[in-house]
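Engineer: Pasting a structure below so you can have a look.
We did not get these values from a lab; they are worked out from the coordinates using the rules stated. For clarity, every value in this text was computed on a predicted model and none was experimentally measured. Quick reminder, even Gly has a Cβ in these numbers, built from the backbone with ideal geometry, and neighbours come from all protein chains shown.
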Amino acid sequence: MEAVELKVDGMTCGSCVNAVSRALSAVPGVETVDVGLETGIATVRGGQVTEQVKALLGALATAGYSARAAGAPHAPPIDNGCARVRPAASGCCCGH
């Protein structure tokens with residue numbers, strides 16, 4: 001089983017962790033997802049996940065999170081999904 005680590009920006013609470021986990025789990029071939037709120041790292045395991053990094057990043061973008069492969073340069077913020085409903089001066093879409 002292969003594994004990919006993604007650095008996810010913008011997670012502030014458990015609801016964010018759940019949204020990230022659901023988005024990544026929906027990508028075909030993904031078997032397990034572990035998301036660390038404190039680290040901002042999502043570890044994705046599955047059959048050929050190293051070949052699906054673009055699909056994984058796309059799923060996160062659709063869910064409203066900017067992300068990159070762990071160790072890659074910082075990704076620019078996106079303005080969709082959770083970020084679209086989040087007031088500029090506050091935290092997460094859930095009010096945290």
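Engineer: Let me check I've understood the local charge: for V35, count other residues with C-beta under 14 angstrom from its C-beta, Lys and Arg +1, Asp and Glu -1. What total comes out?
Structural biologist: Computed value for this residue: -1.
Engineer: Expressed in nm to one decimal, what extension gain is obtained for the pair T39 and S15 from 0.36 nm per residue of sequence separation less their Cα-Cα distance?
Structural biologist: 7.1 nm
Engineer: Moving on. How far apart, in nm, are the 7 Å Cα→Cβ label points at E5 and S25?
Structural biologist: Using points 7 Å along Cα→Cβ, the separation is 2.3 nm.
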